[in-house]
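**Student:** Provided herewith is a single structure, encoded as structure tokens, for subsequent inquiry.
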Amino acid sequence: MHTPPAEPRTSPDAPTALKKVLTTPLLYFFILGDVLGAGVYVLVGQVAADAGGAVWVPLLVALCLALLTAASYAELVTKYPRAGGASHYATLAYGPFAGFLAGFCMLAAGVVSVGALARGFGGDYLSEFVTLPVVLVTVVFLAALALLNARGISESTRANTVATVIEVSGLLLVIGLGAWIVLRGDGDVGRLTDLGTAEKGAASAVLSGAVLAYYSFVGFETSVNVAEETRDPRRTYPRALFGALITAGAVYVLVGAAAAAAVPTQKLAESSGPLLEVVRAAGGVPTELFSAIALVAVANGALLTGIMSSRLAYGMARDGLLPGFLTKVLPGRRTPWAAIAATTALSLLLALTGDVATLASTLVLLLLVVFFLVNTAVLVLRREETTRDHFKAPTVVPVLGAASCVLLATRIEGDVWLRGLVVLAVGAVLGAVAAARVRRAPRTEPVTSSGRGPSS
């Protein structure tokens, strides 16, 4: 078994330390805003195609599965409140190779996601208002997000709070319109019990739909990488995490039920904007309103994923798994400007080439690999004593969380597995190099009480 290294003690005044500014409400909205991201606006149609009219069932199943892994994250975050997240936990439990692989999967998912969202921002939703070259929109969009990210986590999360309120308001509007359609007699609540399709039985339909629905909940892991910037993470993080996930789950279930009852299942399945179909069926609400809400959702999702990617790169660099220059922070604001610049540049490259579709379909698989490592790391790291008071999940929870990752992975199609294995192979090669470099490097001396390490 890998012996976990002693956790470095970084003083809040150290030149590379991050500023603690996040309160419970800010962190709650951070997580809620990331979970209620752009995916929800196309999710319902995809789930309906796989599961039938009872869209709410796979959404509820996905919430329960997400809560299992979330409990493992809550234990590790409150035990080791540092940027780096899954990469840091896997390093502590299994060594630098597993740590790099976990971080690589998260970075690949995050960077591609931001690039894809940047392309999406310049697409059909924006064209409802103005027609501009996608390349120009992409460059300006990513530059603006990078500047907001670099300005500070507090400013970024306050912008997210406003965006989240807008997103939730739009979803509540769909719920209300769906109820109105049913009440006036134009809907069909019988579709809410219609589980399965011509190709799949009920059980298979639920699992297939749950894979798609699971993707809509995985935004919670981005919050792990801002734990170091959270005040009193022992109390703040579990409250914000579970509160945001349950809130998002309730909204998703109600949105799914409203859409399925208001719009025929086949129409939902064929639409790339299924919630817009609810607005059209209800009448009285301008369709441009939903385009505006969708743009806010896309921008908010890209901002939060960009924050996660930059903090993850910062944390991996501090663990010695990425080049050390990525630990550079802005004086005064203490935001990781080098990591922000690097991850934004990669996202821009992907967005401008447009070659993101082949990798985007592997994101769920990559995240399941990460979540499996996190759930098992909880059990391994319980052998390490700590004086820090922290949240502790019942032992059965991480066991079920790891099992759920395996179960969902079996529902992913073979061609996606092939693409995912290529990405994992690249990560494994780079991870072996990084692990060898870390093992050859001399052990870092502990930080002194003044917060400064030994002079170079």
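The values are calculated or read from the model by the stated rules, or taken from the named source; none is laboratory data. Computed from a predicted model, the values in this text were never measured in an experiment. Counting neighbours? That spans all protein chains shown, and the Cβs are built from the backbone with ideal geometry, glycine included. SASA here: full protein model, heavy atoms, side chains in, ligands and nucleic acids out. Shrake-Rupley method; radii C 1.70, N 1.55, O 1.52, S 1.80 Å.
**Student:** Among the residues of region 323-346, are any among the charged types (D, E, K, R), modelled with pLDDT of 80 or more and open to solvent by less than 10 Å² (accessible area, probe 1.4 Å)?
**Tutor:** There is no residue in region 323-346 that is among the charged types (D, E, K, R), modelled with pLDDT of 80 or more and open to solvent by less than 10 Å² (accessible area, probe 1.4 Å).
**Student:** Could you tell me whether R280 is within 25 Å of A86 (Cα to Cα) and among the charged types (D, E, K, R)?
**Tutor:** No, not satisfied.
**Student:** Take the residues of region 266-275 that are in contact (Cβ under 8 Å) with a residue 24 or more places away in the chain and open to solvent by 30 Å² or more (accessible area, probe 1.4 Å): which is nearest to D50 (Cα to Cα)?
**Tutor:** Here the residue is A269.
**Student:** Here's a check for you: in region 284-296, which residue that is outside any helix (DSSP H, G or I) and open to solvent by 40 Å² or more (accessible area, probe 1.4 Å) is nearest to A159 (Cα to Cα)?
**Tutor:** Among those that are outside any helix (DSSP H, G or I) and open to solvent by 40 Å² or more (accessible area, probe 1.4 Å), it is P286.
**Student:** Which one of these is in a helix (DSSP H, G or I) and farther than 17 Å from Y314 by Cβ: A102, A146, A108, A116?
**Tutor:** A116
**Student:** Looking at (1) open to solvent by less than 10 Å² (accessible area, probe 1.4 Å); (2) part of a loop (DSSP other than H, G, I, E, B); (3) more than 27 Å from A269 (Cα to Cα), which is the one condition that is false for L76?
**Tutor:** (2)
**Student:** Follow-up question, since we're still on this one. Report whether or not F97 is touching a Gly at 6+ places or on another chain (Cβ under 7 Å), of a type outside the set (K, R) and open to solvent by 10 Å² or more (accessible area, probe 1.4 Å).
**Tutor:** yes
**Student:** Additional query: Identify, from the list S291, S310, the residue that is modelled with pLDDT under 85 and under 26 Å from the mean Cα position of the chain (by Cα).
**Tutor:** On the way: S310 fails: modelled with pLDDT under 85.
One residue alone meets the criteria, S291.
**Student:** Further, regarding this structure: Among the candidates L268, L304, single out the residue that is in contact with a Ser or Thr (Cβ under 8 Å, 6 or more places away or on another chain) and not polar (S, T, N, Q).
**Tutor:** L304
**Student:** While we're on this one: If I filter region 154-169 down to residues being open to solvent by less than 10 Å² (accessible area, probe 1.4 Å) and within 24 Å of T343 (Cα to Cα), which single residue comes out as modelled with the lowest pLDDT?
**Tutor:** Only one residue tops the list, namely S156.
**Student:** Taking V44 as meeting all but one of (1) in a loop (DSSP other than H, G, I, E, B); (2) over 18 Å from the mean Cα position of the chain (by Cα), write down the number of the exception.
**Tutor:** Just one mismatch for V44, condition (1).
**Student:** Check L126, L65, L172, L107 and return the single one that is under 30 Å from V278 (Cβ atoms), open to solvent by 20 Å² or more (accessible area, probe 1.4 Å) and under 18 Å from the mean Cα position of the chain (by Cα).
**Tutor:** Numbers: L126 fails: under 18 Å from the mean Cα position of the chain (by Cα); L172 fails: under 18 Å from the mean Cα position of the chain (by Cα); L107 fails: under 30 Å from V278 (Cβ atoms).
Among L126, L65, L172, L107, only L65 is under 30 Å from V278 (Cβ atoms), open to solvent by 20 Å² or more (accessible area, probe 1.4 Å) and under 18 Å from the mean Cα position of the chain (by Cα).
**Student:** While we're looking at this one, here's another question. Return the residues of region 162-174 that are within 15 Å of G284 (Cα to Cα) and out of contact with any Phe, Trp or Tyr (no Cβ under 8 Å at 6 or more places or on another chain); say none if nothing qualifies. Please lay out each step first, then the result.
**Tutor:** Kept after step one, since they are within 15 Å of G284 (Cα to Cα), are these residues of region 162-174: 170, 173-174.
Answer for region 162-174, where residues must be within 15 Å of G284 (Cα to Cα) and out of contact with any Phe, Trp or Tyr (no Cβ under 8 Å at 6 or more places or on another chain): L173, V174.
**Student:** Taking the residues in region 420-439 that are open to solvent by 80 Å² or more (accessible area, probe 1.4 Å) and modelled with pLDDT under 80 as candidates, determine which candidate is farthest from G320 (Cα to Cα).
**Tutor:** R439
**Student:** Give just the number: which of (1) without any contact (Cβ under 8 Å) to a residue 40 or more places away in the chain; (2) closer than 18 Å to G85 by Cα does F325 not satisfy?
**Tutor:** The failed condition is (2).
**Student:** Considering each residue of region 213-240, count those that are surrounded by fewer than 24 Cβ atoms within 10 Å (Cβ to Cβ), modelled with pLDDT of 80 or more and among the aliphatic types (A, V, I, L, M), and give that number.
**Tutor:** Matching residues across region 213-240 total 0.
**Student:** Can you pull out every residue in region 371-389 that is over 17 Å from V224 (Cβ atoms) and under 27 Å from the mean Cα position of the chain (by Cα)?
**Tutor:** L379, V380, R382, D389 - these are the residues of region 371-389 that are over 17 Å from V224 (Cβ atoms) and under 27 Å from the mean Cα position of the chain (by Cα).
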